[in-house]
Amino acid sequence: MQILVLGSGGREHALVWKLAAHPDTTVFVAPGNGGTELEGAKQVDIRADDVPGIVSFAKKNRIDLVVPGPELPLTLGVTDALKKAGIACFGPDSYAAKLEGSKSFAKEIMQRAKVPTAACRIVQNLDEARSWVKKMGAPLVVKADGLAAGKGVVVARTEDEALKAVSIMLGDHAFGDAGSTVLLEECLVGEEVSLLCFCDGKNAVPLPSAQDHKAAYDGDSGPNTGGMGAYSPAPVLPESAVKATVEATVLPVLRVLAEDGHPFVGVLYAGLMMTSDGPKVLEYNVRFGDPECQPLLMRLESDLAEVMQACIDGRLNATLVRSTEKTALGVVIAKEGYPGSYEKGALIRGIEKAEEDPSIKVFHSGTKRAADGTLLSTGGRILCVTALADSLALAQEKAYAACGKIEIDGSFYRKDIGDKGLTRKRS
Ligand code: AMP
Ligand code: GLY
């Protein structure tokens with residue numbers, strides 16, 4: 001089987017690692033990174049969002065299955081274009097991908113599906129937005145409708161902060177079209193958790209729960225990032241509660257999308273707030289999360305390509321998806337300055353030493369192999385050091401011991417990944 005993975009981050013390294021584990025598979029990756037190269041994947045010099053380039057490569061090279069990592073190719077319609085060319089793609093079509101690409105679309109689908117979520121007003125006009133901010137009062141969450149590289153959400157503690165956010169989005173057009181529609185949302189309180197499900201259009205089979213850490217620094221302080229670490233399972237959503245949560249937050253959405261003639265195939269990721277009234281959906285992503293994917297795939301025992309093919313063929317069932325009971329925990333090492341501007345080209349050393357412990361896998365996010373064989377940083381997030389162990393406490397201990405063996409000048413990582421889960425377990 002020939003598989004083409006799209007993307008260049010830690011999630012994509014994990015996907016390539018898992019898919020390449022099958023002996024009869026050849027994996028290509030566009031464009032990949034220093035880690036995907038180590039898995040023996042053939043690096044293809046095409047951007048993940050170059051849809052015509054991807055389709056033409058897939059046709060020429062007789063690719064059987066395309067696996068998009070990030071959302072952009074999906075919202076740009078890579079699945080639709082590949083389907084026309086007769087090539088299977090593990091991801092939703094561009095209509096269903098709007099669940100992530102447009103927050104107002106997602107809200108409308110959630111309302112039709114009667115999925116629990118924050119109360120919300122959708123506005124396009126600045127004066128109207130200002131008057132709603134005053135009516136709704138603070139705290140209030142202001143969201144740009146479209147993809148805004150993780151910067152389109154402002155959790156406003158005061159009315160002034162909310163007014164400022166709406167004038168940046170609707171007055172200054174800081175996010176262009178992505179911010180020409182704005183959502184004003186009730187501010188939910190609770191612990192966040194990620195629930196990722198394989199979907200075949202009708203059925204959803206969950207992976208175990210996972211918890212991301214979006215803030216840059218310890219204690220959830222500092223700016224919002226792509227994610228600084230994750231572990232699975234997350235004690236805030238225990239295995240015993242997963243089935244009911246899928247029934248409340250994922251299956252109704254699959255029904256509505258199927259009614260609309262766009263059955264959802266791929267991974268549907270529900271970002272949940274565990275409130276005192278039960279789980280409520282903050283957002284949907286239409287792909288694996290990064291870094292959640294890394295610990296989740298370390299736990300997955302099934303053949304990933306087989307599960308993906310079952311989703312595409314509409315024959316997914318729970319027996320196909322098996323994960324070990326163990327806990328996996330990943331810590332992201334990032335370059336100082338991230339998520340703002342940062343320097344590239346830092347020398348990375350110590351990965352082999354970290355991986356001497358067989359329970360450790362170091363996934364590369366922003367790395368490349370230089371001509372002289374050295375490994376250099378190319379991104380803000382550089383590595384995700386992931387451990388698989390019998391308990392959360394042990395996984396945490398092992399992941400941090402491994403981080404201590406890695407040397408990258410001017411890098412940092414959070415020291416508290418896993419603490420929230422340990423605190424909850426103790427109480
Ligand atoms: P989103 O891109 O919608 O997931 O929002 C990014 C982050 O903003 C989430 O991970 C939450 O931490 C926060 N957030 C989003 N919506 C809400 C809400 N309604 N109430 C409280 N926090 C929120
Ligand atoms: N880890 C959050 C995301 O992938 O969107």
Report task. Could you please let me know if Ala129 is away from ligand 2 (no atom under 16 Å from the Cβ), more than 23 Å from Leu257 (Cα to Cα), small (Gly, Ala, Ser) and in a loop (DSSP other than H, G, I, E, B)? Result -> no
Query raised in the report: Got at least one residue in the stretch 253-262 being surrounded by fewer than 24 Cβ atoms within 10 Å (Cβ to Cβ), within 16 Å of ligand 1 (Cβ to nearest atom) and among the charged types (D, E, K, R)?
Result: no
Report summary line: Per the filter on the stretch 210-264, residues of a type in the set (Val, Ile, Thr), farther than 21 Å from Asp419 by Cβ and assigned to a loop (DSSP other than H, G, I, E, B) are Val250
Report summary line: Taking the stretch 42-56 and keeping only residues that are in contact with a strand residue (DSSP E or B) (Cβ under 7 Å, 6 or more places away or on another chain) and open to solvent by 10 Å² or more (accessible area, probe 1.4 Å), one is left with Lys42, Gln43, Val44, Asp45, Ile46, Arg47, Ala48
Query raised in the report: Is it the case that Ala162 is in a loop (DSSP other than H, G, I, E, B) and buried (at least 24 other Cβ atoms within 10 Å of the Cβ)?
Result: no
Requested in this report: Report yes if Phe175 is of a type in the set (Phe, Trp, Tyr), surrounded by 16 or more Cβ atoms within 10 Å (Cβ to Cβ) and within 16 Å of ligand 1 (Cβ to nearest atom), otherwise no.
Outcome: yes
Report summary line: Condition set part of a loop (DSSP other than H, G, I, E, B) and more than 10 Å from ligand 2 (Cβ to nearest atom), scope the stretch 286-303, selection surrounded by the most Cβ atoms within 10 Å (Cβ to Cβ): answer is Val286
Report task. Collect the residues in the stretch 254-285 that are within 29 Å of Ala389 (Cβ to Cβ) and within 10 Å of ligand 2 (Cβ to nearest atom), keeping them in residue-number order. Result -> Tyr269, Gly271, Asn285
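The values are calculated or read from the model by the stated rules, or taken from the named source; none is laboratory data. Note that the coordinates shown come from a computational prediction; the quantities given were computed from them, not determined experimentally. Cβ coordinates were reconstructed from backbone atoms using ideal geometry, including for glycine residues, and neighbour counts include every protein chain displayed. For the accessible areas, the whole protein counts, side chains as well, though only heavy atoms, and no ligand, DNA or RNA atoms are used. Shrake-Rupley method; radii C 1.70, N 1.55, O 1.52, S 1.80 Å.
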